1. Please determine, by comparing only the residues of the range 155-179 that are in contact (Cβ under 8 Å) with a residue 40 or more places away in the chain and among the aliphatic types (A, V, I, L, M), which one is farthest from L124 (Cα to Cα).
2. Would you confirm, using the coordinates I've provided, whether V35 is modelled with pLDDT under 75, among the β-branched types (V, I, T) and closer than 20 Å to G114 by Cβ?
3. For the range 154-172, which residues satisfy the criterion of being small (G, A, S) and surrounded by 12 or more Cβ atoms within 10 Å (Cβ to Cβ)?
4. Take residues that are on the phi > 0 side of the Ramachandran plot and at pLDDT 95 or above and tell me which of the helices (runs of 4 or more DSSP H) falling wholly in the range 127-194 contain 3 or more.
5. Take the range 116-150 and flag every residue that is in contact with a Gly (Cβ under 9 Å, 6 or more places away or on another chain) and within 20 Å of V50 (Cβ to Cβ).
6. Limited to the range 67-122, what total is found for residues that are more than 19 Å from the chain's Cα centre (by Cα) and among the β-branched types (V, I, T)?
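The values are calculated or read from the model by the stated rules, or taken from the named source; none is laboratory data. These numbers were taken from a predicted model, which means no experiment stands behind them. Glycine also receives a Cβ, built like all others from the backbone with ideal geometry; neighbour counts cover every protein chain displayed.
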Amino acid sequence: MGHNKSSVSGSYILLVGIGSFSLAVIFAIISELFVRKLDNIALSFIILLVIIFIGIISDTLGTAVTAAQETPFHAMAAKRVMGAQQGVYLIRNADRVANIANDVIGDIAGTVSGALGISIVARLIMLNPGWDAFILNILITSSVASITVSGKALGKKFALSRPNNIIFFVGKNMARLEKLLGQDPFRKNRRSKG
């Protein structure tokens, strides 16, 4: 029962706050620059959909990590299955992983996609001065909200029905990245935790 103890400390919360601000600034600048430089509105919409999709994927991961079971990953780790150790690490740090996936990446993607939607409206009005800004703004804002909410609902449903599959998939990709980098950036202090 004592295993459910939160690993979220005050310094971690401060670090997440600073990291969130920095990520939001980077996300916003990149997306705004893209939209301002692009005369191609279709490409601007694709960028908007990619940002919404990032939010949905991260939300799905955040849900899956809290629902996943650690035991199958121990069995796979014993057989040296690639990604199993990483899966154990993710599940053991579920509160932090869920916080970063849902609250940091998910919320930043939501905020940036909303702001990007408004930028696209402004761009469309500049290119088509006769269009009604109010109606266009409502249409795009509602569409962004609708895609985000329904996408996250589908993601949650999938995450709750196959949490171990999702964590194993993420674990395998973490293992590949570790192999590529020749180190484990995600789990550098795992041995000290015992």
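1. Selected residue: A175.
2. Answer is yes for this residue.
3. Hits for the range 154-172 are G155, A159, G171.
4. Per the criteria, no element qualifies.
5. Hits for the range 116-150 are I140, T141, S143, V144, A145, T148.
6. Number of matching residues: 6.
Yes/no matrix, rows are residues, columns are (1) touching a residue at least 40 places away in the same chain (Cβ under 8 Å); (2) over 23 Å from I29 (Cα atoms); (3) surrounded by fewer than 16 Cβ atoms within 10 Å (Cβ to Cβ):
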position: S113; (1), (2), (3): yes, no, no
position: I118; (1), (2), (3): no, no, yes
position: I125; (1), (2), (3): no, no, yes
position: N137; (1), (2), (3): no, no, no
position: T141; (1), (2), (3): no, no, yes
